[in-house]
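Inspection log for the structure reproduced underneath, given as structure tokens.
The values are calculated or read from the model by the stated rules, or taken from the named source; none is laboratory data. Fair warning: this is a prediction, and the values are worked out from it, not measured in the lab. Here the Cβ is made from the backbone with ideal geometry for all residues, glycine too, and neighbour counts use every protein chain on show.
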Amino acid sequence: MNKDLQERVTEYIQKMPSLPTSVAKVLEVCNNPQLSPADLNHVISLDPVLVGRVLKLINSAYYSLDKRVTNLVRAIIMLGINTVKNLALSSTVMSQLSSKRDLKGLNMADFWQHSLCVGVISKLLAQKRGINSKLVEEYFTCGLLHDLGKIPLNSILSKEYLVTVKKADDLHTSLFKVENDTLGTNHCVLGGMIVNAWKLEGVVGDVIMDHHQYAAYQGSNKDILYTVAVADWFASAKEIGFSGNRYPENPSYEIWGALGVNQENLIELTPAVNKEIEKAKVFLNL
């Protein structure tokens, strides 16, 4: 990354809205194994906007609960601490970064459609593979947020990014590779800068930074990282939404083997994916 771009990116990220203190506190207290639903309720209830978002999501078609939930503690008990934590994080990030501006590189409506699709596929794959239900929402959150690093590129280098996306299209190659070749950086690097600024360490941060470099990843979150990488490939190849990457690199045999799934399994999920995306669109209206 040249010095001028580095300075512009740094300035952009410094000016980005920070995560509200309440959300940062939610992430902090949820790392405490002694946490109780009452503790999490206390932290969330300090932020009426966050309470509204969580209750709106819990009562939406995304969860299809039989009875309306108006009590936050009850919601936390019903859904689990980990699920509510991920709802708080993903809904807040979406509200902070869902730009209405008409940017040239990527259409943001299509971008978020792609992001929702990756989140939904990741979640459905996790369910199909029998992942603990308490962890499934983490797969959705990681898929939803995996491409955050494209937002600074699209905002700062709107015209240049349009050229980059077109070049990837013309060459029938991955956008990640062309970003490196033409810009000297990529959306995973910029995503890492957002991760550091917002202190999103852990699985979400790993996925944002390494979903295109999963083969070299040595951390403890391989299962979610591999799942999101496969979901991203499928959403891009099938052009469900659009994040600039029409020619994604095929996942390696090792990834398919580690997950115990194949392309046919993904194709079988397609009807459910479309239904779940419609439900998940509530995230765009927060």
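Can you tell which of ASP147, ASP169 is in contact (Cβ under 8 Å) with a residue 60 or more places away in the chain and part of a loop (DSSP other than H, G, I, E, B)? If you could, list the steps in order and put the result at the bottom.
Working: ASP169 fails: part of a loop (DSSP other than H, G, I, E, B).
The conditions single out ASP147.
Only one of VAL207, VAL189 is surrounded by 23 or more Cβ atoms within 10 Å (Cβ to Cβ), closer than 30 Å to GLU28 by Cα, of a type in the set (Val, Ile, Thr) and touching a residue at least 60 places away in the same chain (Cβ under 8 Å); which? Break it down stepwise before answering.
On the way: VAL189 fails: surrounded by 23 or more Cβ atoms within 10 Å (Cβ to Cβ).
Going through VAL207, VAL189 in turn, the sole match is VAL207.
Could you check, for the stretch 228-247, whether at least one of its residues is aromatic (Phe, Trp, Tyr), surrounded by fewer than 19 Cβ atoms within 10 Å (Cβ to Cβ) and part of a helix (DSSP H, G or I)? Spell out the reasoning first.
So the first thing to find is which residues in the stretch 228-247 are aromatic (Phe, Trp, Tyr), and the list is 233-234, 242, 247.
Now restrict to residues that are surrounded by fewer than 19 Cβ atoms within 10 Å (Cβ to Cβ): 242, 247.
After this cut, where a residue has to be part of a helix (DSSP H, G or I) as well, the list is none.
No, every residue in the stretch 228-247 fails to be aromatic (Phe, Trp, Tyr), surrounded by fewer than 19 Cβ atoms within 10 Å (Cβ to Cβ) and part of a helix (DSSP H, G or I).
Does the stretch 88-98 contain any residue that is under 23 Å from VAL204 (Cβ atoms), modelled with pLDDT of 85 or more and not in a helix (DSSP H, G or I)?
The answer is no, given that none of the residues of the stretch 88-98 is under 23 Å from VAL204 (Cβ atoms), modelled with pLDDT of 85 or more and not in a helix (DSSP H, G or I).
Considering each of LYS275, LYS279 in turn, give the residue that is of a type outside the set (Phe, Trp, Tyr), part of a helix (DSSP H, G or I), surrounded by fewer than 19 Cβ atoms within 10 Å (Cβ to Cβ) and in contact (Cβ under 8 Å) with a residue 60 or more places away in the chain. Working first, answer last.
Numbers: LYS275 fails: in contact (Cβ under 8 Å) with a residue 60 or more places away in the chain.
None of the others qualify; the one that does is LYS279.
So, of the residues in the stretch 119-150 that are β-branched (Val, Ile, Thr) and surrounded by fewer than 24 Cβ atoms within 10 Å (Cβ to Cβ), which turns out to be farthest from GLN263 (Cα to Cα)?
Step one: filter the stretch 119-150 for residues β-branched (Val, Ile, Thr), giving 120-121, 131, 136, 141.
Filter once more, so that each one left must be surrounded by fewer than 24 Cβ atoms within 10 Å (Cβ to Cβ): 131, 136.
Values: ILE131: 19, VAL136: 21 Å.
Selected residue: VAL136.
Starting from the stretch 27-40, keep only residues that are at pLDDT below 85 and surrounded by 18 or more Cβ atoms within 10 Å (Cβ to Cβ), then list their pairs with residues that are of a type outside the set (A, V, I, L, M) and outside any helix (DSSP H, G or I) whose Cβ atoms are within a distance under 9 Å, requiring at least 6 positions of separation or different chains.
That search, which allows pairs on different chains as well, returns nothing.
State all residues of the stretch 41-86 that are in contact (Cβ under 8 Å) with a residue 40 or more places away in the chain, among the polar types (S, T, N, Q) and not in a loop (DSSP other than H, G, I, E, B); if no residue qualifies, say none.
ASN82, THR83, ASN86
For the stretch 240-264, which residues satisfy the criterion of being touching a residue at least 40 places away in the same chain (Cβ under 8 Å) and either among the small types (Gly, Ala, Ser) or within 29 Å of MET108 (Cα to Cα) (or both)? Full working, then the answer.
Start the filter on the stretch 240-264 by keeping residues that are touching a residue at least 40 places away in the same chain (Cβ under 8 Å), which leaves 240-249, 255, 259-261.
Matches in the stretch 240-264: ILE240, GLY241, PHE242, SER243, GLY244, ASN245, ARG246, TYR247, PRO248, GLU249, GLY260.
Of all residues in the stretch 210-227 being out of contact with any Gly (no Cβ under 9 Å at 6 or more places or on another chain) and among the polar types (S, T, N, Q), which is surrounded by the most Cβ atoms within 10 Å (Cβ to Cβ)?
GLN213
Per-residue answers, yes or no, for (1) of a type outside the set (Ser, Thr, Tyr); (2) closer than 21 Å to ARG246 by Cβ; (3) modelled with pLDDT of 90 or more; (4) in contact with a helix residue (DSSP H, G or I) (Cβ under 9 Å, 6 or more places away or on another chain):
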{"position": "ALA109", "(1), (2), (3), (4)": "yes, yes, no, yes"}
{"position": "GLY119", "(1), (2), (3), (4)": "yes, yes, yes, yes"}
{"position": "ARG129", "(1), (2), (3), (4)": "yes, no, yes, yes"}
{"position": "LEU145", "(1), (2), (3), (4)": "yes, no, yes, yes"}
{"position": "LYS150", "(1), (2), (3), (4)": "yes, yes, yes, yes"}
{"position": "ILE156", "(1), (2), (3), (4)": "yes, no, no, yes"}
{"position": "GLU160", "(1), (2), (3), (4)": "yes, yes, no, yes"}
{"position": "THR164", "(1), (2), (3), (4)": "no, yes, yes, yes"}
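Criterion first (in a helix (DSSP H, G or I) and closer than 26 Å to VAL84 by Cα) does GLU179 satisfy it? Let's see the steps before the verdict.
Numbers: in a helix (DSSP H, G or I): yes; closer than 26 Å to VAL84 by Cα: no.
Criteria not met by GLU179.
Take the residues of the stretch 196-225 that are under 21 Å from GLU137 (Cα atoms) and of a type in the set (S, T, N, Q): which is farthest from the chain's Cα centre (by Cα)? Walk me through how you get there before you give the answer.
Taking the stretch 196-225 and keeping what is under 21 Å from GLU137 (Cα atoms), we get 198-211, 214, 219-225.
Now narrow it down to the ones that are of a type in the set (S, T, N, Q): 220-221.
Details: SER220: 18, ASN221: 15 Å.
For the stretch 196-225, the residue satisfying everything is SER220.
Please find, among VAL178, VAL261, VAL228, the residue that is among the β-branched types (Val, Ile, Thr) and within 20 Å of the chain's Cα centre (by Cα). Before you say what the answer is, go through the steps one by one.
Numbers: VAL178 fails: within 20 Å of the chain's Cα centre (by Cα); VAL261 fails: within 20 Å of the chain's Cα centre (by Cα).
Only one candidate passes the filter, namely VAL228.
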